[in-house]
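*Asks:* Got a structure for you, questions after.
The values are calculated or read from the model by the stated rules, or taken from the named source; none is laboratory data. As the structure is a computational prediction, the values presented were derived from the model and not from experiment. Methodologically, a virtual Cβ is constructed for each residue, glycine included, from the backbone with ideal geometry; neighbour enumeration extends over all protein chains shown.
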Amino acid sequence: MTRRQLWLRFITHLDLPLLLGIGLLMLVSLLVLYSADNAGWGRPLSQLLNIVVAFTCMWLIANLPLHYLMRTAVPIYALGMVLLIGVALFGEISHGARRWLNLGVITIQPSELMKIGIPLMMAWYFEKHEATLTLKNYFVATLLLLMPVALIVRQPDLGTAVLISASGFYVLFLAGLSWRVLGGVFVAALASVPVLWSMLHDYQRHRIEMLFDPSQDALGKGYHTIQATIAVGSGGILGKGYLNGTQTHLDFLPERTTDFIFAVYSEEFGLLGNLILLGIYMFVIGRGFIITANASTYFTRLMAGSITLTFATYAFVNMGMVSGILPVVGVPLPLVSYGGTSMLTLLLGFGMLMSIETHKKLVKT
Amino acid sequence: MNKHVELKNHQREIFYFRLRLAISIGFVLVLLSVLLVRFFYLQVVRHSYYQTLAESNRISIVPIVPNRGMILDRNGVVLAHNYSGYTLEITPNKTADLEDTINELATLVEITHKDRKRFNKLLAERRNFETLMIRNRLTDEEVARFAAQQYRFPGVEIKARLFRNYPYGAKTAHLIGYIGRINQTDVEQLEENDLAANYRGSDYIGKTGLEQSYESELHGTTGVEQVEVDSGGRAVRMLSRTPPSSGNTLVLSIDAKLQEIAEQSFGNYRGALVAIDPNNGEVLAFVSKPGYDPSLFIDGIDTQNWDELNNSPDTPLNNRALRGQYPPGSTVKPFMALAGLYYNTRSPGHTIGDPGYFNLPGSGHQYRDWKKGGHGSVDMFKSIVVSCDTYYYGLANELGIDNIYNFLSRFGFGKKTGLDLEGETSGLLPSQEWKMRRYQQKWYAGDTVSVGIGQGYNLVTPMQLAYTTATLANNGVAYKPHLVREVRSSRSNENRLIESKPEFDLQIAPAHLDLVKRAMVAVNQPGGTAAGAAAGAPYRIAGKTGTAQVIAMKQGEKYDASKIDERHRDHAWFIAFAPAEQPRIALVVLAENGGHGGGTAAPIARKVMDYYLLGKVPQPLPDTADKEGEEHD
């Protein structure tokens, strides 16, 4: 093979617009990490390593034909369930929650695996029963979603549980769950709020109130929200300039390389920077929707739609929490926050999107 | 035709899917606009407000550590309190060269190697703009010397801080425990219990004893101050303040003077003493000898002291009263007698002839009485008074282990008493099932025989034996033992009394109680095993001596204290309550390697009861000589 052939082989199954959007977000990530690390190379370099590893996995997935992808659904879901049960029984407690499983060599957080595993399993299930979809199938699919979610709620990891529920819900929605059922569930959920509220213990209510009113917990999690809001607000229209964020560099911002990295960005690049960042996100999300619309099979449509919508949700929830309109639930800013696991999970999703886009020509005959 | 329908369906499906997709896109656009509105609000509308907060001044949230609650005895005598002292502290951010600064400081005040090590440890764990202690407990002279030179040391200051103090030191160490610096394990524990926010700024946490068990009461609620700081981190103006509320004060049922007398009555013996008011379960004295100096642990104990405490053959860190497990020896006999009466195995008048040993039917093995040649004819009353082993070998054999287990476990043997102090051990009341589980062996009749005199597999803690003694004193009505009598709130002056409620009533027949108690009184009268220690007491004592074997004697070998290494000598027990008719105090004394209960343990009990019932202070405070009593057990 010539060099050119090799190059072509390399990019055949990569979606170039998507690659451009992801690449821009990664660039932002490295740039902001350098600032958040007080002009240090430690975090950016190790994030670069995360990117390389995750990118390799994305490339492999993108090159995987769709029927292989479908075949992984049941094993991945089953493995995820086994690991989640393992966590419930033997998990390690850290920061008050049992989320990690120590496998001797590595510790893993099975709920991350389920971020991919659940939509995959549900889309697979709908594809299998595509010809004869009845309400019963939606019910079974909901169960497939709720079992792992219940285990994650128990850990307790409410943030992840809500987001995973969202990704499963998107599959149900796109699979055509009737409006009447959706409406019914919505009304029932609303109606049950006061009942559930009255069943909670006082301390549980207090915790929920604290989520929505951070000033009540100024020494704990509320501190993060207060400082992050100041950072965002003080950024103004043009921002304080790269490496000049005072909140960041005087150590007022907590977790500024991970969940609160958006505050660093927003303080230094201002509203203008925010618009650019949102633009990039919308570009990636838009491309995801186009891939979804063009997807050739029921399975790939559901999968692509869920991946795209989940990505959008993550971005919204993180920015919402940093800017003080959503409770602090420990969600990273996708592709920008420091962290290997979330980088890997996200790029696996994008690998699937790319596979869906680049293999459809072969499926369609 | 068929194909046509399918195709149409497919197209319809695609149409519906794209409709849903369009709705999803609409949903994403709504989210997007929510963010845009929020950013516009924060970064344009409210920009100047946040600009002010961030640029000219910065809000710093400063935790205000609450004062730790005090611990008082029942009469208000202070057992743990805080005093303010001066510390020398450094803010690393404001100090150019730490090493230089510390070397310079060392010329003014003494800074030891240990101080430097602690400082470096603090430095590694520090939070932002925190001041770190380099020296604590400065003398007035050192304060003055530094104050005169302070201008040379930017970023170094004298601070007044509260220190914990335990006026009774080693005498209450096993009871009060101590606080120590919060370490990684504590942090994890706090995070797990969602308490980390309330410990922001706190340096200390209860590590053992009541300091640990009542941590949630003692710590208090951390306050918070929002202050504006300038770019250097110096506080400029206070914005808001939520004051801390001090920890609650614990009022114990312990009588400090009684505790002190009990502690000193041990002289050079190691051991434990627990005294309880049988009418309500209040613990009056709780001694484990030897103690240790709790203040050594507060700021981290140094290696030398630690090795000394940890490797001492006297094991001063072992809480004998709460965690020490010993065979009860003959102190179990009154309880065995009650079991015999309860199951009708023995009538009060039933008399045995004691030849000085007991044989199981068909076995040549001799279970020997402590008295060579035996006690002659013995009924139940006499069996307690002279502590006849032969009587109880036979009784136990006839009762059988199941009945013994059932009866004694109802009293509380083999179980934790539920004292409000963490780390209690449960002792051991053996059963057939237990032996099978533990040794995979069936229970033998010989095992039962040894249990009858409190040897064999039996183990009790001094706390547990005190609890069962108090229950016996109170005619079978048990009160849950507790050390804390009252929690005085710092906030509302609302004081919570710890209620004393009866736990259970064993419903022992009055005639049975009467017999056993009369016999226990006779133990302390001429002819009884503790007659010497009780001589001249103006009140009547009911008691029982005991001896716990440390090493087993071979068949035919004679115990001779003088020939045995001191640490292998028997442990001496004495359980008692007084006045016998209307008990106000029930207690247990264990003197390790003390030999005979009557000779060593009972005199200690006598001094404690004399003080509690008569207010009589031993003069001079006793210096118990290591003398062997004549009485045997």
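*Asks:* Output yes when any residue across the stretch B:316-330 is assigned to a loop (DSSP other than H, G, I, E, B), modelled with pLDDT of 90 or more and out of contact with any strand residue (DSSP E or B) (no Cβ under 9 Å at 6 or more places or on another chain), and no when none is. Working first, answer last.
*Replies:* Just the residues of the stretch B:316-330 that are assigned to a loop (DSSP other than H, G, I, E, B), to begin with: B:316-319, B:324-325, B:327-328.
Narrowing further to those that are modelled with pLDDT of 90 or more: B:316-319, B:324-325, B:327-328.
Then keep just the ones that are out of contact with any strand residue (DSSP E or B) (no Cβ under 9 Å at 6 or more places or on another chain); that gives B:317.
Within the stretch B:316-330, one or more residues are assigned to a loop (DSSP other than H, G, I, E, B), modelled with pLDDT of 90 or more and out of contact with any strand residue (DSSP E or B) (no Cβ under 9 Å at 6 or more places or on another chain).
*Asks:* Further, regarding this structure: Can you tell which of A:Q47, A:Q109 is modelled with pLDDT under 85 and within 27 Å of A:M354 (Cβ to Cβ)?
*Replies:* Details: A:Q47 fails: modelled with pLDDT under 85.
After applying the criteria, what remains is A:Q109.
*Asks:* Please indicate, with yes or no, whether at least one residue in the stretch B:67-88 is within 14 Å of chain A (Cβ to nearest Cβ), among the β-branched types (V, I, T) and part of a loop (DSSP other than H, G, I, E, B). Reasoning before the result, please.
*Replies:* Within the stretch B:67-88, the first condition is being within 14 Å of chain A (Cβ to nearest Cβ), and the residues that meet it are none.
No, the stretch B:67-88 contains no residue that is within 14 Å of chain A (Cβ to nearest Cβ), among the β-branched types (V, I, T) and part of a loop (DSSP other than H, G, I, E, B).
*Asks:* For the stretch A:252-272, give me the residue count where each residue is closer than 16 Å to A:L27 by Cα, more than 10 Å from every other protein chain (Cβ to nearest Cβ) and in a helix (DSSP H, G or I).
*Replies:* Taking the stretch A:252-272 and keeping what is closer than 16 Å to A:L27 by Cα, we get A:257-258, A:261-262, A:264-266, A:268-269.
Filter again for more than 10 Å from every other protein chain (Cβ to nearest Cβ), leaving A:257-258, A:261-262, A:264-265, A:268-269.
Applying the additional criterion that residues be in a helix (DSSP H, G or I) yields A:261-262, A:264-265, A:268-269.
Count: 6.
*Asks:* Continuing with the same structure: Can you tell me which residue among A:V140, A:V153 is in a helix (DSSP H, G or I), more than 13 Å from every other protein chain (Cβ to nearest Cβ) and at pLDDT below 85? It would help to see each step written out before you state the result.
*Replies:* Values: A:V140 fails: at pLDDT below 85.
On inspection, the qualifying residue turns out to be A:V153.
*Asks:* Considering only residues that are buried (at least 16 other Cβ atoms within 10 Å of the Cβ) and touching a strand residue (DSSP E or B) at 6+ places or on another chain (Cβ under 7 Å), which ones fall in the stretch A:123-169?
*Replies:* Matches in the stretch A:123-169: A:Q155, A:D157.
*Asks:* Also, I was wondering about something else. Restricting to the stretch B:182-204, name every residue that is on the phi > 0 side of the Ramachandran plot and either more than 8 Å from every other protein chain (Cβ to nearest Cβ) or at pLDDT 85 or above (or both). Don't jump to the end; show me each part of the working.
*Replies:* The initial filter retains those residues of the stretch B:182-204 that are on the phi > 0 side of the Ramachandran plot, namely B:194, B:201.
Hit for the stretch B:182-204 is B:G201, nothing else.
*Asks:* Additional query: Just one of the numbered conditions (1) in contact (Cβ under 8 Å) with a residue 40 or more places away in the chain; (2) within 28 Å of B:S216 (Cα to Cα) is not true of B:L122; which one?
*Replies:* Going through the list (1) in contact (Cβ under 8 Å) with a residue 40 or more places away in the chain; (2) within 28 Å of B:S216 (Cα to Cα), B:L122 breaks only (1).
*Asks:* B:E110 fails exactly one of the following numbered conditions: (1) in a loop (DSSP other than H, G, I, E, B); (2) within 34 Å of the chain's Cα centre (by Cα); (3) not β-branched (V, I, T). What is the number of that condition?
*Replies:* (2)
*Asks:* Check whether at least one residue in the stretch A:322-330 is over 14 Å from the mean Cα position of the chain (by Cα) and either closer than 13 Å to A:L18 by Cβ or at pLDDT 90 or above (or both), and report yes or no. Before the answer, list the steps.
*Replies:* First, pick out the residues of the stretch A:322-330 that are over 14 Å from the mean Cα position of the chain (by Cα): A:322-328.
Subset that is either closer than 13 Å to A:L18 by Cβ or at pLDDT 90 or above (or both): A:322-323.
Among the residues of the stretch A:322-330, at least one is over 14 Å from the mean Cα position of the chain (by Cα) and either closer than 13 Å to A:L18 by Cβ or at pLDDT 90 or above (or both), which makes the answer yes.
*Asks:* If a residue must be among the aliphatic types (A, V, I, L, M) and either part of a loop (DSSP other than H, G, I, E, B) or assigned by TED's automatic domain parsing to the domain that holds B:E486 (or both), how many such residues does the stretch B:186-226 contain?
*Replies:* Counting residues in the stretch B:186-226 that are among the aliphatic types (A, V, I, L, M) and either part of a loop (DSSP other than H, G, I, E, B) or assigned by TED's automatic domain parsing to the domain that holds B:E486 (or both) gives 1.
*Asks:* May I pose another question? Could you say whether any residue in the stretch B:341-348 is part of a helix (DSSP H, G or I) and of a type outside the set (V, I, T)?
*Replies:* Taking the stretch B:341-348 as the starting set, the residues that turn out to be part of a helix (DSSP H, G or I) are B:341-342.
Then keep just the ones that are of a type outside the set (V, I, T); that gives B:341-342.
Within the stretch B:341-348, one or more residues are part of a helix (DSSP H, G or I) and of a type outside the set (V, I, T).
*Asks:* Within the stretch B:253-274, does at least one residue satisfy the condition of being farther than 30 Å from B:H568 by Cα, basic (K, R) and in contact (Cβ under 8 Å) with a residue 60 or more places away in the chain?
*Replies:* Yes: the stretch B:253-274 contains one or more residues that are farther than 30 Å from B:H568 by Cα, basic (K, R) and in contact (Cβ under 8 Å) with a residue 60 or more places away in the chain.
*Asks:* Does any residue of the stretch A:191-199 turn out to be touching a helix residue (DSSP H, G or I) at 6+ places or on another chain (Cβ under 9 Å), modelled with pLDDT under 85 and of a type outside the set (V, I, T)? Walk me through it before giving the result.
*Replies:* Of all residues in the stretch A:191-199, those touching a helix residue (DSSP H, G or I) at 6+ places or on another chain (Cβ under 9 Å) come to A:197.
With modelled with pLDDT under 85 added as a condition, the list becomes A:197.
Filter once more, so that each one left must be of a type outside the set (V, I, T): A:197.
The answer is yes; a qualifying residue exists.
*Asks:* Could I ask something else about it? Mind listing whichever residues of the stretch B:342-388 are surrounded by fewer than 14 Cβ atoms within 10 Å (Cβ to Cβ) and touching a strand residue (DSSP E or B) at 6+ places or on another chain (Cβ under 6 Å)?
*Replies:* Hits for the stretch B:342-388 are B:G353, B:S377.
*Asks:* So which residues in the stretch A:314-325 are more than 8 Å from chain B (Cβ to nearest Cβ) and under 17 Å from B:S24 (Cα atoms), if there are any at all?
*Replies:* A:Y314, A:A315, A:V317
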